[in-house]
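The values are calculated or read from the model by the stated rules, or taken from the named source; none is laboratory data. Please read these numbers as outputs of a predicted model, since none were measured by experiment. So basically every Cβ, Gly included, is an ideal-geometry build from the backbone, and we count neighbours across all protein chains shown.
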Amino acid sequence: MNCDTLRELKQVIEKEIEDIWVTEPKDIYNIKNGYLGSEAGVYDQYFTPLVMLSGEVRALGIHTFSSLLDFSEKSEFTLDILKTMTKRMLKIDVGVIEFFGLKKYGRILTSFHDLVDSIEDKEEFKDMITLMFTLTNRYQMWLHQIFPWGYCMHMPKQGPKDYKEIYENMVE
């Protein structure tokens, strides 16, 4: 799915936002069941890519797109500055998100990154950022829901008493 125009991308994003509101995205279903479609994940497991995706998508939703939306409301940020910031802020995630298993979202993110320069005014910029913000947070919601939180029970916190015992056992 490569979009050639912002209009086409906007339609894809709007449809995806609606489709995943109550229905789990296929990519997340695949990850939840251990299929990434790439070589991501050390030792042939999918937990670390899931952790990576959860962090990256959360950061995009909570920080990147919300900040860009806020900046777009400020007169000191021109459209050219916003475009440059957007491409720079997304540069690392473009390709990485798709490699780690979110194929559809990754292609949408890449298309958005590639089409940023075709945005013609700040209103169109705000509209596209709002769509990406919403889409990203919907994906984050699904990632949060499928995260295997029970694994954490095997990683209890340690306190000073525990560390003292560990230290005393290390000394000969």
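Tell me which residues, restricted to region 121-131, are without any contact (Cβ under 8 Å) to a residue 60 or more places away in the chain, in contact with a helix residue (DSSP H, G or I) (Cβ under 8 Å, 6 or more places away or on another chain) and surrounded by fewer than 20 Cβ atoms within 10 Å (Cβ to Cβ). Before you say what the answer is, go through the steps one by one.
Taking region 121-131 and keeping what is without any contact (Cβ under 8 Å) to a residue 60 or more places away in the chain, we get 121-123, 125-126.
Checking the rest, the ones that are also in contact with a helix residue (DSSP H, G or I) (Cβ under 8 Å, 6 or more places away or on another chain) come to 121-122, 125-126.
121, 122, 126 - these are the residues of region 121-131 that are without any contact (Cβ under 8 Å) to a residue 60 or more places away in the chain, in contact with a helix residue (DSSP H, G or I) (Cβ under 8 Å, 6 or more places away or on another chain) and surrounded by fewer than 20 Cβ atoms within 10 Å (Cβ to Cβ).
Any chance you could count how many residues in region 1-34 are touching a residue at least 60 places away in the same chain (Cβ under 8 Å) and hydroxyl-bearing (Ser, Thr, Tyr)? Before you say what the answer is, go through the steps one by one.
Here is the first cut: in region 1-34, the residues touching a residue at least 60 places away in the same chain (Cβ under 8 Å) are 1-3, 5-6, 9-10, 12-14, 16-17, 20-21, 24-28, 30-32.
If we keep only those that are hydroxyl-bearing (Ser, Thr, Tyr) as well, we get 5.
Final tally of qualifying residues: 1.
If you check residue 86 against the conditions, is it in contact (Cβ under 8 Å) with a residue 24 or more places away in the chain, touching a His at 6+ places or on another chain (Cβ under 8 Å) and β-branched (Val, Ile, Thr)?
yes
Say we look at region 37-55 and pick out the residues that are aromatic (Phe, Trp, Tyr) and surrounded by fewer than 17 Cβ atoms within 10 Å (Cβ to Cβ); which of these is nearest to the chain's Cα centre (by Cα)?
By that ranking, first place goes to 47.
Quick one: how many residues across region 95-110 are surrounded by fewer than 20 Cβ atoms within 10 Å (Cβ to Cβ) and within 10 Å of the chain's Cα centre (by Cα)?
1
Quick check on my filter: what residues within region 1-41 are part of a helix (DSSP H, G or I) and touching a Leu at 6+ places or on another chain (Cβ under 8 Å)?
6, 9, 10, 13, 14, 16, 17, 27, 28, 30, 31
Across region 42-61, what is the total count of residues that are part of a helix (DSSP H, G or I) and in contact (Cβ under 8 Å) with a residue 24 or more places away in the chain?
Residues flagged as part of a helix (DSSP H, G or I) and in contact (Cβ under 8 Å) with a residue 24 or more places away in the chain within region 42-61 amount to 11.
Pairs please, first residue from region 69-82 and modelled with pLDDT of 95 or more, second anywhere and exposed (fewer than 12 other Cβ atoms within 10 Å of the Cβ), Cβ atoms under 7 Å, 6+ apart in sequence or on different chains.
79/121
Considering only residues that are assigned to a loop (DSSP other than H, G, I, E, B) and of a type in the set (D, E, K, R), which ones fall in region 104-158?
Scanning region 104-158 gives 120, 121, 157.
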